[in-house]
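Each remark here refers to the structure printed beneath this line.
The values are calculated or read from the model by the stated rules, or taken from the named source; none is laboratory data. Predicted, not measured: the structure shown is a model, and the values here were computed from it. Heads up, the Cβs are rebuilt from the backbone with ideal geometry, glycines too, and the neighbour counts pull from every protein chain shown.
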2 protein chains.
Amino acid sequence: MALADIRGGARNEEGIAAALPRLAGRFGARFQTGEAIRAQHAHTTTYIPAQLPDGVVFVENAEEVKAVVSLCAELKVPVIPFGTGSSLEGQVNAPNGGISIDFSNMKRVLEVNAEDLDCTVEPGITREELNVYLRDTGLFFPIDPGANASIGGMTSTRASGTNAVRYGTMKDNVLAVTAVTATGEEIRTARRARKSSAGYDLTRLFVGAEGTLGVLTSITLRLQGIPAVIAGGICGFPTLKDACNAVIMTIQLGIPVARIELVNTLQIKACNAYSGLTLPEQPTLFVEFHGNEESVRLQSEEFGAIAAECGGGAFQWSSDAEERAKLWKARHNVYWSAKALRPGWEAIATDVCVPISRLADCVAETEVDIEEHGLLAPIVGHAGDGNFHVSLVFDDKDPAHVAEVEAFVGRLNARALAMDGTCTGEHGIGQGKQGFLPGELGGTVQLMRQIKQALDPDNILNPGKIFSTLSGN
Amino acid sequence: MALADIRGGARNEEGIAAALPRLAGRFGARFQTGEAIRAQHAHTTTYIPAQLPDGVVFVENAEEVKAVVSLCAELKVPVIPFGTGSSLEGQVNAPNGGISIDFSNMKRVLEVNAEDLDCTVEPGITREELNVYLRDTGLFFPIDPGANASIGGMTSTRASGTNAVRYGTMKDNVLAVTAVTATGEEIRTARRARKSSAGYDLTRLFVGAEGTLGVLTSITLRLQGIPAVIAGGICGFPTLKDACNAVIMTIQLGIPVARIELVNTLQIKACNAYSGLTLPEQPTLFVEFHGNEESVRLQSEEFGAIAAECGGGAFQWSSDAEERAKLWKARHNVYWSAKALRPGWEAIATDVCVPISRLADCVAETEVDIEEHGLLAPIVGHAGDGNFHVSLVFDDKDPAHVAEVEAFVGRLNARALAMDGTCTGEHGIGQGKQGFLPGELGGTVQLMRQIKQALDPDNILNPGKIFSTLSGN
């Protein structure tokens with residue numbers, strides 16, 4: 001498929017041939033070259049074709065990461081960090097071959113500082129595992145991209161999700177990382193102080209770098225107190241515009257809403273069908289508030305008043321865990337409910353983000369586009385951030401249909417950029433979005449390339465991601 | 001004075017000689033070379049000796065910035081951006097000479113997007129000017145470093161101040177910048193969407209880069225709704241530890257305190273003397289809450305209960321503007337009240353930041369150090385962030401006293417680093433903190449240096465700041 005721009009450079013056959021026996025010698029059974037394992041580590045969750053690494057090493061500590069990167073640096077062989085494989089833009093593919101570094105044995109929580117609301121973890125731990133570990137401390141790590149992704153992967157794609165409107169993205173919640181750079185040295189980007197003005201913000205440079213500047217070995221995260229009370233509810237609106245106006249007013253009035261998700265009419269139909277609900281088929285906001293009894297009541301009432309002012313239906317909220325869980329399960333299952341609209345077809349998720357004042361226009365124009373081109377594509381959005389996903393359900397065996405989908409993705413991204421938005425709110429560039437990055441940032445991409453070149457002159461750190469360093473884009 | 005590490009490289013006499021007439025030809029009276037003007041542009045607000053630029057150009061728009069940087073790039077002459085000159089670590093000095101680019105004629109608000117809570121401004125506007133401009137929109141820009149600094153300068157030093165505990169630092173409040181790079185090209189680091197995963201986070205790289213990677217030409221900022229009600233008060237504690245415990249509990253419980261400032265006993269005495277107050281002479285927290293009638297009442301009551309639990313005195317809060325203004329004026333005048341402790345002596349401000357669990361220890365050990373060495377040095381802290389400032393009052397004409405102060409600063413920074421803290425929470429490295437950066441970040445400084453080298457190979461962008469690119473540190 002041409003949707004993916006999966007340019008790599010040439011394979012270094014000689015280096016790879018030299019690396020394999022040395023890694024086997026050092027790691028024994030923890031170094032695997034079987035095709036099934038290699039294919040699993042190039043799984044992209046998407047339409048982007050898999051590009052297999054030549055071997056997979058299951059590291060257990062930072063020293064081993066240093067050893068692998070040093071060896072690969074010496075032989076100029078690519079290294080591709082692998083968390084859970086839930087990235088969506090081909091981030092774990094190996095266009096030049098090389099070694100996948102699997103972090104599933106690096107899941108330790110290295111420290112929790114409850115008084116400082118922070119913890120330091122190894123990259124392989126997933127967000128759900130971390131939250132289970134933290135439960136007794138009264139703290140939690142809030143970022144929720146949907147998938148049970150690894151913290152290393154979430155850091156590397158600058159992930160966010162449904163509650164970024166309140167808690168921010170990974171950019172806001174990583175205090176420091178340690179990383180092994182292209183020379184095989186381990187560096188730490190910052191101390192544990194909550195703020196610092198000590199030189200360039202290398203923490204933020206590594207957050208979202210998709211493994212192209214270094215291989216993460218630990219991540220220090222900000223934590224939050226588990227809210228005493230969580231309340232939520234849903235509210236339908238006559239039009240998308242009305243729903244978006246309610247979002248804008250909620251944000252403007254500073255109501256600290258924890259989640260505020262926009263679900264369009266087709267997606268509501270899909271949720272009803274898939275999750276056995278009977279929600280009115282209209283644009284709907286799913287909202288959630290975190291606080292104590294008094295503050296969530298206050299927030300819910302304030303939101304209810306705003307919703308009414310914007311033409312919304314009655315806003316019923318509840319702090320009953322079971323009721324909330326049922327609704328949010330429907331929200332979290334949107335991918336599967338979309339796919340279920342047409343069994344046997346594929347589904348892919350797009351990921352544009354625009355200023356929230358443009359969200360209603362962008363979603364409405366996109367709905368018209370979908371209608372006009374006869375596509376099957378429900379929409380959900382992290383409305384408080386202006387970020388939305390179109391789930392494109394299509395027949396991946398029909399080249400004409402695939403071409404239609406590609407053309408739609410192109411129009412969608414052009415529409416978002418024309419509204420001063422971005423081609424990716426939270427999934428990253430990887431391979432799939434490379435074609436859109438120059439249109440978004442122009443000459444700025446050249447600065448990124450210069451930084452990559454300076455820190456990884458041999459292009460061994462996850463090559464061919466974000467931009468191809470070997471050819472212009 | 002040796003306190004400052006003000007290494008630059010060699011002056012490029014030939015290039016500077018060639019640049020002056022060309023700038024005079026292009027800018028006429030807006031290019032100045034008189035000594036008084038040049039000295040004013042090397043004013044460092046500190047003990048760091050002034051190093052004058054060779055000329056000052058008063059630019060009026062981005063095209064002119066491009067012209068100046070292009071000319072200086074061609075001739076390999078340094079450019080030093082200048083906002084209001086309120087930086088504290090020698091950021092506006094010109095160790096290699098060169099051209100100061102004065103932004104006082106670039107103060108336009110380019111756009112305000114009220115629905116998106118953002119605005120785009122030129123670098124020369126000060127935060128007070130911006131807030132006057134915004135007043136009618138119901139929005140404000142919250143970051144308050146005390147000084148009426150320019151937005152460009154605040155961006156470049158990653159400034160914060162008293163309300164960072166609620167609103168974050170410049171890192172959290174800059175959405176995008178445009179900057180002229182070392183080649184004279186203007187780039188934009190991001191679109192106006194509230195979040196993005198599109199490649200390296202160059203916005204965050206420019207925030208805190210102190211003008212060493214590019215000259216800012218515009219900054220897109222996040223704004224906040226002006227709170228309907230602001231309430232605040234003060235509360236004394238028997239010990240520093242008790243006050244810090246109250247801070248930790250406040251943060252842990254998620255009370256969205258807008259300011260929570262720690263003032264030590266000596267500083268309370270200084271405030272009483274300078275501002276005509278009669279506050280009990282003990283460690284004291286100044287707190288402020290933003291919200292509506294109901295939410296500030298709730299927050300104030302919750303804080304009062306915490307303070308009582310931690311041994312604090314009665315917490316009286318008020319939303320009366322005049323009462324609050326008087327108290328906060330005392331807080332904002334700490335520098336002058338410290339200086340007034342000994343008329344004729346100098347005062348300088350240190351700036352370490354530690355994890356908040358270590359704040360009480362760090363401040364208490366610092367008080368003992370001050371006492372043991374007979375120094376005159378009150379302390380204030382942005383306690384919610386773990387950031388505190390010691391105001392050292394000393395006789396800058398007495399070399400022995402200066403040496404005592406230098407030794408104290410060294411011990412203070414070592415203490416903060418030993419507690420996993422930073423040598424600068426919000427003032428930046430500039431020239432004054434260069435000696436502490438390697439101790440804080442080790443090999444990471446080499447990565448910063450490689451980035452600098454890649455983006456500014458001729459070292460013309462504010463050279464000699466953060467690190468000397470010409471000699472190891």
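Say we look at the range A:413-441 and pick out the residues that are assigned to a loop (DSSP other than H, G, I, E, B) and more than 7 Å from chain B (Cβ to nearest Cβ); which of these is surrounded by the fewest Cβ atoms within 10 Å (Cβ to Cβ)?
Among residues in the range A:413-441 that are assigned to a loop (DSSP other than H, G, I, E, B) and more than 7 Å from chain B (Cβ to nearest Cβ), the one surrounded by the fewest Cβ atoms within 10 Å (Cβ to Cβ) is A:Gly435.
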- Message: Regarding the range A:448-455, can at least one residue be identified that is touching a residue at least 24 places away in the same chain (Cβ under 8 Å) and either more than 10 Å from chain B (Cβ to nearest Cβ) or under 30 Å from A:Val257 (Cβ atoms) (or both)?
- Response: no
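Restricting attention to the range A:146-168, which residues are within 16 Å of A:Gly85 (Cα to Cα) and within 11 Å of chain B (Cβ to nearest Cβ)?
Taking the range A:146-168 first, the residues within 16 Å of A:Gly85 (Cα to Cα) are A:146-159.
Of everything in the range A:146-168, those that are within 16 Å of A:Gly85 (Cα to Cα) and within 11 Å of chain B (Cβ to nearest Cβ) turn out to be A:Met154, A:Ser156, A:Thr157, A:Arg158, A:Ala159.
Table: residues versus (1) buried (at least 24 other Cβ atoms within 10 Å of the Cβ); (2) assigned by TED's automatic domain parsing to the domain that holds A:Gln299; (3) in contact with a Pro (Cβ under 9 Å, 6 or more places away or on another chain); (4) closer than 30 Å to A:Cys423 by Cα.
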site	(1), (2), (3), (4)
A:Gly146	no, no, no, yes
A:Thr181	no, no, no, yes
A:Gly208	yes, no, no, yes
A:Val215	yes, no, yes, yes
A:Ser218	no, no, yes, yes
- Item | Odd one out for A:Gly386, checked against (1) within 19 Å of the chain's Cα centre (by Cα); (2) without any contact (Cβ under 8 Å) to a residue 40 or more places away in the chain; (3) away from chain B (no Cβ under 14 Å) | (3)
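Considering the range A:173-188 alone, what residues qualify as being free of Cβ contacts under 8 Å to residues at least 60 places away in the same chain and either basic (Lys, Arg) or at the interface with chain B (Cβ under 9 Å from one of its Cβ atoms) (or both)?
Result: A:Ile187, A:Arg188.
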- Heads up, the strands (runs of 3 or more DSSP E) in the range A:281-363 (entirely inside) with at least 3 residues that are more than 26 Å from the chain's Cα centre (by Cα) and surrounded by fewer than 23 Cβ atoms within 10 Å (Cβ to Cβ) are A:316-318
- Looking at the range A:14-34, is at least one residue modelled with pLDDT of 95 or more and under 22 Å from the mean Cα position of the chain (by Cα)? no
- Determine which member of the set B:Gly161, B:Gly152 is in contact with a Gly (Cβ under 7 Å, 6 or more places away or on another chain) and modelled with pLDDT under 95. B:Gly161
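Quick test for you: out of A:Phe315, A:Phe303, pick the one residue that is within 30 Å of B:Asn113 (Cβ to Cβ) and modelled with pLDDT under 95.
That would be A:Phe315, the only listed residue that is within 30 Å of B:Asn113 (Cβ to Cβ) and modelled with pLDDT under 95.
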- Check whether at least one residue in the range A:194-212 is assigned to a strand (DSSP E or B), more than 7 Å from every other protein chain (Cβ to nearest Cβ) and among the small types (Gly, Ala, Ser), and report yes or no. no
- Considering residues that are within 24 Å of the chain's Cα centre (by Cα) and closer than 25 Å to B:Leu392 by Cα, the number found within the range B:248-273 is 11
- Query: Would you call A:Arg191 at the interface with chain B (Cβ under 7 Å from one of its Cβ atoms), part of a loop (DSSP other than H, G, I, E, B), surrounded by fewer than 24 Cβ atoms within 10 Å (Cβ to Cβ) and charged (D, E, K, R)?
  - Reply: yes
- State whether the residues of the range B:385-400 include one that is in a helix (DSSP H, G or I) and closer than 18 Å to B:Phe286 by Cα. yes
- Item | Residue within the range B:65-75 that is aliphatic (A, V, I, L, M), under 15 Å from B:Ala149 (Cα atoms) and in contact (Cβ under 8 Å) with a residue 60 or more places away in the chain present | no
- Task: Could you tell me which numbered condition B:Gly184 fails, if it satisfies all but one of (1) in a strand (DSSP E or B); (2) on the phi > 0 side of the Ramachandran plot?
- Result: (1)
- Message: Every residue in the range B:417-473 that is among the small types (Gly, Ala, Ser) and more than 18 Å from the chain's Cα centre (by Cα), please.
- Response: B:Ala418, B:Gly435, B:Gly439, B:Gly442, B:Gly443, B:Ala454, B:Gly464, B:Ser468, B:Ser471, B:Gly472
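Of the residues A:Gly98, A:Gly90, only one is in contact (Cβ under 8 Å) with a residue 24 or more places away in the chain, buried (at least 24 other Cβ atoms within 10 Å of the Cβ) and away from every other protein chain (no Cβ under 14 Å); which?
A:Gly98
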- Before we move on, is A:Gly276 surrounded by fewer than 18 Cβ atoms within 10 Å (Cβ to Cβ), in contact with a Phe, Trp or Tyr (Cβ under 7 Å, 6 or more places away or on another chain) and assigned by TED's automatic domain parsing to the domain that holds A:Ala243? no
- Task: Pick out the one residue from A:Val393, A:Val368, A:Val405 that is over 17 Å from the mean Cα position of the chain (by Cα) and in contact (Cβ under 8 Å) with a residue 60 or more places away in the chain.
- Result: A:Val405
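What tally of residues in the range A:230-244 results from selecting those that are more than 26 Å from the chain's Cα centre (by Cα) and within 18 Å of A:Cys362 (Cα to Cα)?
Qualifying residue count for the region: 5.
With the requirement that a residue be over 19 Å from B:Leu223 (Cα atoms), free of Cβ contacts under 8 Å to residues at least 40 places away in the same chain and in contact with a strand residue (DSSP E or B) (Cβ under 6 Å, 6 or more places away or on another chain), what does the range B:190-211 give you?
Taking the range B:190-211 as the starting set, the residues that turn out to be over 19 Å from B:Leu223 (Cα atoms) are B:197-202, B:205-206, B:208-211.
Among the residues that remain, those that are also free of Cβ contacts under 8 Å to residues at least 40 places away in the same chain are: B:197-202.
Matches in the range B:190-211: B:Ala198 only.
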- Query: So A:Met249 clears everything in (1) part of a helix (DSSP H, G or I); (2) in contact with a helix residue (DSSP H, G or I) (Cβ under 7 Å, 6 or more places away or on another chain); (3) surrounded by 22 or more Cβ atoms within 10 Å (Cβ to Cβ) except one condition, right? Which one?
  - Reply: (3)
- Query: Among all residue pairs at least 6 apart or on different chains, which show Cβ distances below 8 Å where the first residue, located in the range A:266-293, is more than 16 Å from A:Arg324 (Cα to Cα) and the second is basic (Lys, Arg)?
  - Reply: A:Glu281/A:Lys269
